[in-house]
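Below is one structure, written out as structure tokens, with a few remarks after it.
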Amino acid sequence: MNTIFGIPTPALYGQVLIGLINGSFYAMLSLGLAVIFGLLRVINFAHGAQYMLGAFAAYLLLNYAGVNYWLALVLAPLVVGVIAVVIERTMLSRLYGVDHLYGLLLTFGLALILEGAFRYWFGAAGQPYAAPSQLSGGVNLGFMFLPIYRGWVVIASLVICIGTWLLIEKTRLGAYLRAATENATLVQAFGVNVPLLLTLTYGLGAALAALAGVLAAPIYQVSPLMGSNLIIIVFAVVVVGGMGSILGAIVTGYVLGVLEGLTKVFYPEASSIVIFVVMAIVLLVRPAGLFGREE
Amino acid sequence: MSSAPLLEVRGLNAWYGESHVLHGVDLDIREGETVTLLGRNGAGKTTTLRAIMGILRRREGVIRLRGKDLLSLPLHKVAQAGIGYVPEERGIFASLSVSENLILPPTVSDSGMSVEEIYTLFPNLYERRSSQGTKLSGGEQQMLAIARVLRTGAKIILLDEPTEGLAPVIVQRIGDVLVALKERGMTILLVEQNFRFAKKVADRFYLMEDGRMVNSFPGHELDARMNELHEVLGV
């Protein structure tokens with residue numbers, strides 16, 4: 001059997017793939033967090049719960065309405081996005097004038113309520129969600145076996161991340177968003193409806209989390225705590241990438257996912273803390289994050 | 001001219017938090033006029049502009065544009081009513097290119113300049129259109145800040161110290177631009193410390209002191225009033 005540094009290559013490739021999958025979710029979730037934080041200056045602790053809501057929306061749509069995976073990919077983010085818009089309009093928007101800590105506390109409370117409610121209804125155990133038949137099975141790449149659904153998730157997440165990046169960097173709406181992130185008052189004085197922009201941004205960020213949740217449903221089980229397990233790592237990714245940096249969130253998400261996978265191969269004992277070690281080092285050396293601007 | 005003023009400010013009071021900074025300010029600007037606010041630092045000139053725009057929210061009194069009340073409007077509706085704002089700090093966005101900065105403010109009427117016309121008026125901006133906005137020189141950033149509101153079709157522009165900290169040759173250039181805008185019929189409310197610059201463009205002056213309007217006079221009286229002004233402005 002082939003080995004690299006004494007590690008069998010199938011094990012290595014397998015862990016790199018798992019790292020890429022996890023990295024895909026880190027990237028999609030930290031992207032939404034970064035967009036929300038950049039404009040609203042809210043650290044959205046409900047992000048994990050919104051991801052969980054996306055997965056549950058897909059699960060419920062399938063089991064109670066017979067809505068298939070492909071339609072759920074569109075409907076679940078839409079539903080969660082609308083819920084987020086209502087939350088922003090009725091609650092979050094009242095906190096913009098006060099310390100950022102209040103936004104964090106509000107979203108943290110919402111996350112606890114959502115997760116508690118779903119645990120009450122569905123129990124803590126995960127619910128299975130089958131991958132669509134078009135994406136089941138796998139292919140032999142010669143050097144490793146690739147489950148098709150996992151390949152799909154990596155590609156879909158890349159498309160989502162690049163699409164979001166293009167939306168922010170290349171469109172007029174994105175220019176409003178970037179400008180308002182710098183100086184919201186002036187952008188509003190130019191006649192842009194900034195309160196509406198804030199609402200849409202929060203809705204978009206939550207919809208991205210929900211989309212990641214639908215993609216995750218067939219890989220991880222659909223469980224009330226699936227978001228809270230992930231969100232702490234995602235916050236670390238955002239810190240390493242640089243608070244508010246879109247590109248930083250995407251690149252760091254994939255890189256740290258793969259790094260975590262490689263650590264599982266070379267030094268498994270450290271695999272659950274490697275991301276936090278990286279975060280600590282980055283905070284010491286470059287407190288604004290790898291892609292962040294010093295303010 | 002007997003017509004009603006384009007912009008009418010009556011008994012405007014404003015507060016920064018608890019501190020009362022404008023005390024019953026009255027101001028009229030007729031269509032096509034260029035009016036300059038004079039006053040020492042801290043006299044309330046910038047505050048008057050910010051209160052008219054609605055950036056400063058705590059206000060009382062009357063602000064009307066063509067008879068339409070502005071005081072009750074949310075911030076983003078004031079620009080849409082037809083006011084363009086060029087802030088003192090210029091407000092060029094670092095995360096936007098020069099051309100993105102230029103087209104950022106939404107148009108409010110179809111009477112604005114086209115991007116081509118603006119690039120003809122400011123050839124430097126055309127050459128540097130792909131640069132990051134804040135990589136421009138101070139003078140170029142000021143040109144961009146002015147150019148940005150010309151595209152929107154605003155009826156009146158509020159210009160806060162456009163010559164501050166700029167080299168004489170750039171000040172000259174900005175003066176030429178304002179004269180060109182006047183010829184096109186643009187209405188301008190200018191805050192300016194530079195007399196020679198203001199004299200070239202202003203039809204009328206208002207003099208502010210301690211958050212109050214203390215005097216107003218036509219532009220041609222500036223020279224005759226120099227001694228009086230030196231006393232009030234302490235220059």
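Computed from label points 7 Å out along Cα-Cβ, the spacing between A:VAL159 and B:MET226 is 7.3 nm. Between A:PHE276 and B:ALA94, what's the calculated FRET efficiency when r is the beta-carbon distance and R0 is 30 Å? Round to 0.05. The calculated FRET efficiency here is 0.45.
Between A:MET243, A:MET52, A:MET91, the GNM of chain A built on Cα springs shorter than 10 angstrom shows A:MET91 fluctuating the most.
Note on the protein assembly as shown: dipole from Cβ charges, positive end direction compared against B:ILE83, A:ILE250, B:VAL177; the farthest Cα belongs to A:ILE250.
So if I take the centroid of the Cα atoms in the range B:119-173 and the same for the range A:247-295, what is the distance between those two points in Å? Here the two parts' Cα centres lie 42 Å apart.
Give the calculated FRET efficiency between A:ASN63 and B:ASP28 to the nearest 0.05, with a Förster radius of 45 Å applied to their Cβ-Cβ distance. It comes to 0.05.
Could you line up A:ILE36, A:ILE43, B:ILE188, B:ILE83 from fewest to most neighbouring Cβ atoms inside 10 Å?
Values: A:ILE36 30, A:ILE43 19, B:ILE188 22, B:ILE83 27.
Going from sparsest to densest Cβ surroundings: A:ILE43, B:ILE188, B:ILE83, A:ILE36.
Cβ under 13 Å from A:GLY81's Cβ, A:GLY81 left aside: what net charge do those residues give with Lys, Arg +1 and Asp, Glu -1? Cβ neighbours under 13 Å give a net charge of 0. Which one, A:GLY242, A:GLY261, A:GLY138, has the greatest fluctuation when you compute a Gaussian network model over chain A with C-alpha springs under 10 angstrom? It is A:GLY138. The GNM of chain A, with springs linking C-alpha atoms under 10 angstrom apart, assigns the highest mean-square fluctuation among A:TRP152, A:TRP165, A:TRP121 to A:TRP121.
Rounded to the nearest 5, what % of DSSP beta bridges with both residues in the range B:88-235 are antiparallel?
Here the antiparallel bridges make up roughly 60 percent for the range B:88-235.
Taking the Cα centre of the range B:1-103 as reference, the dipole from Cβ charges on Lys and Arg (+1) and Asp and Glu (-1) amounts to some 140 debye. Does the range A:83-134 come out rounded, prolate or oblate, given a ≥ b ≥ c as the square roots of the eigenvalues of its C-alpha gyration tensor, rounded meaning a/c under 1.5 and, failing that, prolate meaning a/b above b/c? Prolate shape, in that a/c is at least 1.5 and a/b is the bigger ratio. One quarter of the surface of the convex hull around the alpha-carbon atoms of the range A:127-173 equals 5.4 nm², the direction-averaged projected area. The charge dipole of the protein assembly as shown, taken about its Cα centre with unit charges on the Cβ of Lys, Arg, Asp and Glu (plus for the first two, minus for the last two), comes to roughly 780 debye. Cross-link partners of B:LYS199 among lysines, defined as those whose alpha carbon lies under 20 angstrom from its own and excluding same-chain residues fewer than eight positions apart: B:LYS45, B:LYS182. Return the calculated 222 nm mean residue ellipticity for the protein assembly as shown, to the nearest 500 deg cm²/dmol, obtained by summing -39500 (n - 2.57) across DSSP H runs with n ≥ 4 and dividing by the residue count. For the protein assembly as shown, the value works out to -17500 deg cm²/dmol.
If the segment from A:LEU112 to A:GLN127 were pulled out straight at 0.36 nm per residue, it would be longer than the present Cα-Cα gap by 3.4 nm.
Packing around the peptides B:126-137, A:207-218, taken as the average count of other Cβ atoms within 10 Å per residue, puts them in this order, highest first: A:207-218, B:126-137. The per residue volume of the convex hull around the alpha-carbon atoms of the range B:1-152 is 134 Å³.
A short reminder: the numbers here are calculations on the coordinates, not readings from a lab. What you are looking at is a predicted structure, and each value in this text was computed from that prediction instead of being measured. Note that each Cβ is placed from the backbone with ideal geometry, even for glycine, and that neighbours are counted across all protein chains shown.
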